[in-house]
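Below: the structure, in structure tokens.
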Amino acid sequence: MTLKQITSALLTCVAIALQAVKADPAHAIKQSKWKAICDVGNDASKLATYALNNVKAPATLAKADVTKLLRALVYNTGNSTETSTTATKTATAFLGRQVEEDLAYYQGPEVAEDVTSARNGGRLEGAINEFISVHADATAGNKGCLSGNDNGGNPVESYTTLTTKHSNCKMSWSTVPQQTGDITKITAAGLAAPFSDKVEHGDLTAGDKACDINSVPANFKLNDGQTGVNVNGHRPKMAGGLLTIEATNGLVGVPHAASASSDDHPYIKHAALGVKRGRRAGPTADTTTVKGALQSASFMQAARRHILGKDENDDSADNQLEGKVKAVFKTDDGISKLIDTNINDMPISGILKNSPNLKKLGDVTDINQLLELYFHYSDLNKQRLQEAAKKLQDLETKAGTKSATDKEKECNTKGNDKQEECKN
């Protein structure tokens, strides 16, 4: 082989090698893929709504349970001519424990965990939005990183234009809403498709648009765009860790199906853990059956104290509870009947002067009005007690006061030896 042939062969090999290293150089990210990146960011923002739901749920339950508790107290006070039954004591104590259980959320670690989840979702959304907005606003003409289609078309120029093409790319600055749709792009384990698995370079990008971040680690061109720099020892993560670069081609999508169990991608991991935490309804009890009620720690404790006569944390006789609760409440749905029917059906017509349309205790939802009813019956009971005490005192006074005629009759019945006493 001549020197010329050897040189030609070497040049061919170098060209092939360079082509392998620089396959699809500087191609822009396909529209379907940058839209999918924005969808992840939009879902991350919903973690704040999940957190808001979790913070409000116990307070909502507490208000409802306080209302039920006050109704039970009004019912007990308004029926004070009867001794409180074991059933009413148990039901009232249960409602009080429910309020305590509702509010326990705010004293424990859970409220901080929900706030942290909202923060972590915001971090992922912010990282993604920063990536998208910078590359959209850094685009001009046919040079940029976010393609206008999936076939190598010109990149989208400006963030404003991009958000009109896909609204999920635009962050909201309004107050966190009460309700949003479910989170679907982030899972409890990591990310859903297309970023659950690796997104290969050819599936991620198309069309040479001088996108310098789409370069290999040995010559990464975000800095020193002409020749690039070697970042093999610390390959960059982009868009919150959804993208990185590999030696063969450049930009690829990172597989995130199980990122919640790894510390390699904290943005994704902690957003996934927030999704795993999810929306919570707060503590509730099913009082429609005895068996359902006994699944509630609050009812269990109330029943131990008032039905078994034990400490609320003493579980030594729990095997007797179901039968004894049924005996106390008469029927399987007796708990619900007492709380939701008997108490609510108590007539209160004419007591609340400013609300004449409220006829039954269950119609009253305002806490101040419930307190007004409680004080009404409490004062009425005190008045009745005072009247009864006065009557008793009058009887005692009358019994101790004898008329002259009565005394004379009494003396006439005594013997002669007692007559001296009658003179006094």
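Bear in mind these aren't lab numbers, they're just calculated from the coordinates by the rules spelled out. Treat the numbers as computed from the prediction; the structure is a model and nothing was measured. Ideal geometry is used to build each Cβ from the backbone, glycine not excepted, and the neighbour counts take in all protein chains shown.
Assorted remarks:
- Taking each DSSP H run with n ≥ 4 as -39500 (n - 2.57) and averaging over every residue of the chain yields -16000 deg cm²/dmol at 222 nm.
- For the chain, the antiparallel share of DSSP beta bridges with both residues in that region comes to about 95%.
- Theoretical FRET efficiency, 1/(1+(r/R0)^6), r = Cβ-Cβ of A247 and A193, R0 30 Å, to 0.05: 0.75
- For the chain, with +1 on Lys and Arg beta carbons and -1 on Asp and Glu, the positive-most of G78, G207, Y159 along the dipole: G78
- Based on Cα contacts under 8 Å between residues 6+ apart, the chain shows a relative contact order of 21 percent.
- Full-stretch length increase - R280, A140 - with 0.36 nm per residue and alpha-carbon distance subtracted: 45.7 nm
- Under 15 Å from the Cα of K291 - aspartates and glutamates, other chains or at least 8 residues apart: D318, E322, D332, D333
- Long pairs among K63/K324; K89/K353; K324/K382; K198/K269, criterion Cα-Cα beyond 26 Å: K63/K324; K89/K353; K324/K382
- For segment 70-138, applying the loop criterion from DSSP together with a ceiling of 10 other beta carbons within 10 Å to the GluC sites (Glu not before Pro) yields E82.
- Each Lys and Arg contributes +1 and each Asp and Glu -1, all at the Cβ; summed about the Cα centre of the chain, the dipole is approximately 380 debye.
- Long-range tail of P(r) for segment 17-169 (Cα pairs > 27 Å, %): 55 percent
- Calculated Rg and Dmax of segment 290-342 using C-alpha coordinates, Å: 10.5, 32
- Relative to the dominant Cα principal axis of the chain, helix 31-78 is inclined by about 0°.
- About its Cα centre, the dipole of segment 290-342 is roughly 200 debye, where the only charges are +1 on Lys and Arg Cβ and -1 on Asp and Glu Cβ.
- Segment 290-342: relative contact order in percent, alpha carbon pairs under 8 Å with at least 6 residues between: 31 percent
- Reciprocal of mean inverse Cα separation for segment 264-414 (Kirkwood radius, Å): 21.8 Å
- Basic side chains Lys and Arg get +1 at the Cβ, acidic Asp and Glu get -1 at the Cβ, and with that the dipole of segment 111-260 about its Cα centre reaches some 140 debye.
- Share of pairwise Cα separations in segment 102-173, more than 13 Å, in percent: 70 percent
- Size of the chain: Rg and Dmax of its alpha carbons, in Å, are 39.5, 169.
- Legend: calculated FRET efficiency, K353 to D318, from the Cβ-Cβ distance at R0 = 56 Å, rounded to 0.05, equals 0.75.
- Simple label model, 7 Å out from Cα along Cβ direction - W173 to K63, nm: 3.0 nm
- Options T365, A193, A218, ranked by Cα towards positive dipole end of the chain, top entry (Cβ charges): T365
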